[in-house]
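Student: To start, I am sharing the structure in question, which I have written as structure tokens.
The values are calculated or read from the model by the stated rules, or taken from the named source; none is laboratory data. This is a predicted model, so every value here is computed, not measured. Here the Cβ is made from the backbone with ideal geometry for all residues, glycine too, and neighbour counts use every protein chain on show.
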């Protein structure tokens, strides 16, 4: 399971309005979908959070494919909003769930926030 939270999305809604924010969310969903396999599921959880369920993923396949890095790169492309290019990135975390895993979403959420903390510390 991969979980991502958009970085820099709130200012889009605040500056350009919710209709522009909705357009960005749709574009983000398309960009994410373009980076995963056909049998993976992409879902918006709410607000600016998305989840990807990759049932056939293994630690080796996630590392080899670099899916988190590909999603990150795809989301770095700026969005054209009211004639201005606006950047919206994402922090992406993932967790490989075992059959007895109680809450893989919580673990992916923890991994995503760790990525977010590292990014903020690097700034």
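Student: Would it be correct to say that residue 93 is surrounded by 14 or more Cβ atoms within 10 Å (Cβ to Cβ), in contact with a helix residue (DSSP H, G or I) (Cβ under 9 Å, 6 or more places away or on another chain), on the phi < 0 side of the Ramachandran plot and in a helix (DSSP H, G or I)?
Tutor: no
Student: Where residues in region 72-90 are in contact (Cβ under 8 Å) with a residue 60 or more places away in the chain and assigned to a loop (DSSP other than H, G, I, E, B), which of them is farthest from the chain's Cα centre (by Cα)?
Tutor: This residue is 82.
Student: Looking only at residues in region 114-123 that are in contact with a strand residue (DSSP E or B) (Cβ under 7 Å, 6 or more places away or on another chain) and at pLDDT 80 or above, which one is surrounded by the most Cβ atoms within 10 Å (Cβ to Cβ)?
Tutor: 115
Student: Specify the residue that is surrounded by the fewest Cβ atoms within 10 Å (Cβ to Cβ); the eligible residues are those in region 1-44 that are touching a residue at least 40 places away in the same chain (Cβ under 8 Å), over 16 Å from residue 81 (Cα atoms) and in contact with a strand residue (DSSP E or B) (Cβ under 7 Å, 6 or more places away or on another chain).
Tutor: 7
For every residue, the table says whether it meets (1) assigned to a helix (DSSP H, G or I); (2) closer than 13 Å to residue 79 by Cβ.
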| residue | (1), (2) |
| --- | --- |
| 3 | no, no |
| 11 | yes, yes |
| 24 | yes, yes |
| 27 | yes, yes |
| 32 | yes, no |
| 44 | no, no |
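Student: Looking only at residues in region 46-62 that are assigned to a helix (DSSP H, G or I) and surrounded by fewer than 12 Cβ atoms within 10 Å (Cβ to Cβ), which one is nearest to the chain's Cα centre (by Cα)?
Tutor: Looking at residues that are assigned to a helix (DSSP H, G or I) and surrounded by fewer than 12 Cβ atoms within 10 Å (Cβ to Cβ), I get 59.
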